[in-house]
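Asker: Below you'll find the structure I mean.
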Amino acid sequence: MTTTAVAPTGVALSLRRLYFVRFAFAVVWAGLLFATASALGPVSVALLVLYPVFDVAAAVVDARSARTTKPVAGLYVNVVISLLAAVGLAVAASSGIPGVLRVWGVWAVVAGLVQLVVGVARRGMGGQWPMILSGGISVVAGTTFILQSAKEGAALTTLAGYAVLGGIFFLVSALRLGRAAKN
C-alpha cells in the first residue's frame, strides 16, 4: 500500500517540474518566433520544427515518470503525432506560411484531443483541469489556424500567441499540482 500512495505523489511532483519547464520553453520559443515570424527563414523554420520536437521530448519524460498511470498510451500517441508534425512542418515550410499553418492546425487539433483525453484520465491526480481546458482550446485554435491559412495575409505570429497560452496553462497546472502534492 505504501508504494501505491507514493507513486501518484511522485508522478505529480515529476509532472510539476515538467510543466514548469514546458512553460518556460513556450514563453522563450514564442518570443523568438515573434521576433522572426515576418518571413519563413532558416531561424523561423528551425523554431517551427523545434516546437513539436520539444513536445516529443516532454511526452517521453512524462511517460517515463507516469509508467504506473493510465495515460501512458496517450503520451506515446502524442510522441508519434508530434514527430509527424515536425516532419510535416519541415516539408510545409517550403510551400509557405499557409502550408505551415495547415500542418500546425492539424497537429494542434489532434494533439489537443490527446491532451484532453490524458487530462481527463489524470483528473484524480489533481491539477489537470488546466490541461483539459488547454486540450479543448488547442482543438479550437487548430481549427482557426487551418481556416486562417486560406486567408490573405496569413501570419505565423498567431502561433506565438498559441504557445504562450499553452505555456500559461502548463504553469497553472504546475502550481495546482504543487497544492495537490502537499494535500
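Asker: Within the stretch 113-147, take every residue that is buried (at least 20 other Cβ atoms within 10 Å of the Cβ) and polar (S, T, N, Q) and give me the one that is modelled with the highest pLDDT.
Answerer: SER138
Asker: To continue, here is another question. What residue, among those in the stretch 84-109 that are buried (at least 17 other Cβ atoms within 10 Å of the Cβ) and over 18 Å from THR157 (Cβ atoms), is farthest from the chain's Cα centre (by Cα)?
Answerer: Checking each candidate, the answer is GLY88.
Asker: Looking at ALA30, ALA46, which one is out of contact with any His (no Cβ under 8 Å at 6 or more places or on another chain), within 14 Å of ALA163 (Cβ to Cβ) and part of a helix (DSSP H, G or I)?
Answerer: Matching residue, one of ALA30, ALA46: ALA30.
Asker: Return the residue satisfying two criteria in turn: it lies in the stretch 57-71 and is hydrophobic (A, V, I, L, M, F, W, C) and surrounded by fewer than 18 Cβ atoms within 10 Å (Cβ to Cβ), and of such residues it is farthest from SER14 (Cα to Cα).
Answerer: ALA57
Asker: Could you say which residue among GLY41, GLY31 is surrounded by fewer than 16 Cβ atoms within 10 Å (Cβ to Cβ), at pLDDT 90 or above and under 22 Å from the mean Cα position of the chain (by Cα)?
Answerer: GLY31
Asker: Within the stretch 11-33, work out how many residues are closer than 15 Å to ALA59 by Cα and β-branched (Val, Ile, Thr).
Answerer: Within the stretch 11-33, residues that are closer than 15 Å to ALA59 by Cα and β-branched (Val, Ile, Thr) number 2.
Asker: I'd like the full set of residues that are charged (D, E, K, R) and either touching a helix residue (DSSP H, G or I) at 6+ places or on another chain (Cβ under 9 Å) or not in a helix (DSSP H, G or I) (or both), limited to the stretch 153-183.
Answerer: ARG176
Asker: Inspect all residues belonging to the stretch 15-33 and state whether any of them is within 24 Å of ALA154 (Cα to Cα), of a type in the set (Gly, Ala, Ser) and free of Cβ contacts under 8 Å to residues at least 40 places away in the same chain.
Answerer: Scanning the stretch 15-33, I find no residue that is within 24 Å of ALA154 (Cα to Cα), of a type in the set (Gly, Ala, Ser) and free of Cβ contacts under 8 Å to residues at least 40 places away in the same chain, so the answer is no.
Asker: Take the conditions open to solvent by 20 Å² or more (accessible area, probe 1.4 Å), at pLDDT 90 or above and basic (Lys, Arg) and apply them to ARG22. Does it pass?
Answerer: In short, yes.
The values are calculated or read from the model by the stated rules, or taken from the named source; none is laboratory data. These numbers were taken from a predicted model, which means no experiment stands behind them. For neighbour counting, all protein chains shown are included, and Cβ atoms are generated from backbone atoms with ideal geometry for every residue, glycine included. Heavy atoms of the whole protein, side chains included, go into the accessibility calculation; ligands, DNA and RNA do not. Shrake-Rupley method; radii C 1.70, N 1.55, O 1.52, S 1.80 Å.
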